[in-house]
Amino acid sequence: MTSLIERANAITPTAMLQKVLRTGNVKVALSLLGPALRGLVMHSGKQPSSDMQANHQAHFDWTYQRDQDELRKLYEVAKVSQWNASTDLDWSIDVDPYDANHDLFPEVLSPLPDIPTYRGLSVREKQTHRHGLAAWMLSQFLHGEQGALFAACQVTEAVQWLDGKLYGSTQVVDEGRHVEVFYRYLSEKLGKLYPVNDNLYTLIDALMTDGRWDLKFLGMQIMIEGLALGAFGTMRQTSREPLLRELLKYVITDEARHVHYGVVCLREHYRTLSPNELREREDWAFEVAVLMRNRFLAHEFYDEFYGHVMSRKQWDQLILSSAYMRKFRQTMFRRLVPNLKRINLMSDRIRPHYAALGLLEFEHEKAAPDLSAGELIRDSDAPLTLN
């Protein structure tokens, strides 16, 4: 068996660049080359722990001037919206993946019935596979929240305004709570935890090691948190398990504030950048969007349940074309694309790239959610349809 080092050495720099160079922006590709090597080739996320070099400047404001009204309002909302994961959720609820009355992941609303091998399984075997897929998705939520926790700490240090730092302190608390609840649910209720997906690891690595404060905002607040809102909402619509649905309702409310924070901070800043700086951030956001789309191909779940019956290419084609995953991607990107447009990262030059992925249809949707997140909760209360 070849070692990870041998596998990495077998890939030329040109081949690695092709993995992360879809827009033709060499500067963006070079900034993502190291994270892609560590994540997609070395599979560093499959190790028990990872050390990343955090390269950023901490910005101190010794005047303590508070002149950002929108960020001040966001901070006030965050202070009164805190919740206690230990007492506000009913952890006494029994979660049984084989309970048809509280289906963790209903068969009709999953991509699994599109797989011939799955259709030949017994009822209990099918439930085991759906339990595994739900655990995989929630594991990726957990890993993303740990990345968000670390990024929120960096953003709080680096953001230029005191009002932004005060709000950022509440997000650090939010992300710590999200790590707590997802890990507790996976360990106590599902008894199953998957390793971080290589695409997600690559993105977290890129955010942690890039020293530019606005890219940390862009990658975490707009990209990861924006897509998470859609992913959490779809999962809540899908599941009939009461504890998971209540957990996700609380998390969605927090995430809505996080996305709004990113939009407020970047909206004006990106109007001040040079054309070359803006172009780099547009291209970087698109490359990240592709990584995020590929994050939900569930390769770790595939390796466990289907790697012996079909190739990874066959699996990817099946998952990408399934009605559930089409709906999942639509929900995830529905707010991301309008938010990118709102912060001036959706020029006529970059639009064809999003159009090629079928994402441009969302550009006229509503952008950042309001601070109450009521619309998002109402959307996730409605039954999911795959029309």
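If I ask for residues that are open to solvent by 10 Å² or more (accessible area, probe 1.4 Å) and modelled with pLDDT of 90 or more, which ones from the range 265-281 would you list? Steps first, answer last, please.
As a first pass, look at the range 265-281 and keep what is open to solvent by 10 Å² or more (accessible area, probe 1.4 Å): 267-269, 271-281.
Those that are open to solvent by 10 Å² or more (accessible area, probe 1.4 Å) and modelled with pLDDT of 90 or more: 273, 274, 275, 276, 277, 278, 279, 280, 281.
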- The lone condition residue 45 fails out of (1) under 21 Å from residue 151 (Cα atoms); (2) at pLDDT 90 or above; (3) open to solvent by less than 90 Å² (accessible area, probe 1.4 Å) is (2)
- Note on the structure: Per the filter on the range 180-193, residues on the phi < 0 side of the Ramachandran plot and surrounded by fewer than 21 Cβ atoms within 10 Å (Cβ to Cβ) are 180, 183, 184, 186, 187, 188, 190, 192, 193
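Which residues, taken from the range 282-306, are assigned to a loop (DSSP other than H, G, I, E, B) and modelled with pLDDT of 95 or more?
Taking the range 282-306 and keeping what is assigned to a loop (DSSP other than H, G, I, E, B), we get 296-298, 306.
Scanning the range 282-306 gives a single hit, 306.
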- Message: Return the residues of the range 282-304 that are among the hydrophobic types (A, V, I, L, M, F, W, C) and open to solvent by 30 Å² or more (accessible area, probe 1.4 Å); say none if nothing qualifies.
- Response: none
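May I ask you to say which residue of 119, 177 is of a type in the set (Lys, Arg) and open to solvent by 40 Å² or more (accessible area, probe 1.4 Å)?
Numbers: 177 fails: open to solvent by 40 Å² or more (accessible area, probe 1.4 Å).
Just a single option satisfies the conditions, and that option is 119.
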- Scanning the range 317-341 for residues that are of a type in the set (S, T, N, Q) and surrounded by fewer than 20 Cβ atoms within 10 Å (Cβ to Cβ), the one nearest to the chain's Cα centre (by Cα) turns out to be 330
- Could you please give the count of residues in the range 342-356 that are within 14 Å of residue 289 (Cα to Cα) and either surrounded by 15 or more Cβ atoms within 10 Å (Cβ to Cβ) or out of contact with any helix residue (DSSP H, G or I) (no Cβ under 9 Å at 6 or more places or on another chain) (or both)? 7
- Message: within 26 Å of the chain's Cα centre (by Cα), open to solvent by 70 Å² or more (accessible area, probe 1.4 Å) and at pLDDT 90 or above: is that true of residue 125 in this structure?
- Response: no
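Restricting attention to the range 164-174, report how many residues are under 17 Å from the mean Cα position of the chain (by Cα) and surrounded by 20 or more Cβ atoms within 10 Å (Cβ to Cβ). Working first, answer last.
Residues of the range 164-174 under 17 Å from the mean Cα position of the chain (by Cα): 171-172, 174.
Next, only the ones that are surrounded by 20 or more Cβ atoms within 10 Å (Cβ to Cβ) stay: 171, 174.
Here the count works out to 2.
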- Task: Answer yes or no as to whether residue 246 is of a type in the set (D, E, K, R) and open to solvent by 30 Å² or more (accessible area, probe 1.4 Å).
- Result: yes
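Would you point out the residue of the range 89-106, among those that are among the acidic types (Asp, Glu) and either touching a helix residue (DSSP H, G or I) at 6+ places or on another chain (Cβ under 6 Å) or loosely packed, with under 13 Cβ neighbours inside 10 Å (or both), that is nearest to residue 298 (Cα to Cα)? Break it down into steps so the answer makes sense when it comes.
Let us first name the residues in the range 89-106 that are among the acidic types (Asp, Glu), namely 90, 94, 96, 99, 103.
Pick out the ones that are also either touching a helix residue (DSSP H, G or I) at 6+ places or on another chain (Cβ under 6 Å) or loosely packed, with under 13 Cβ neighbours inside 10 Å (or both) and you get 90, 94.
Numbers: 90: 29, 94: 26 Å.
My answer is 94.
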- Query: How about the range 71-84: which of its residues are under 13 Å from residue 253 (Cβ atoms), open to solvent by 70 Å² or more (accessible area, probe 1.4 Å) and part of a loop (DSSP other than H, G, I, E, B)?
  - Reply: 82
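The values are calculated or read from the model by the stated rules, or taken from the named source; none is laboratory data. Keep in mind it's a predicted model, so treat the numbers as computed, not measured. Here Cβ is always computed from backbone atoms with ideal geometry, including for glycine, and neighbour counts include all displayed protein chains. Heads up: the accessible areas ignore ligands, DNA and RNA and are worked out on the full protein's heavy atoms, side chains in. Shrake-Rupley method; radii C 1.70, N 1.55, O 1.52, S 1.80 Å.
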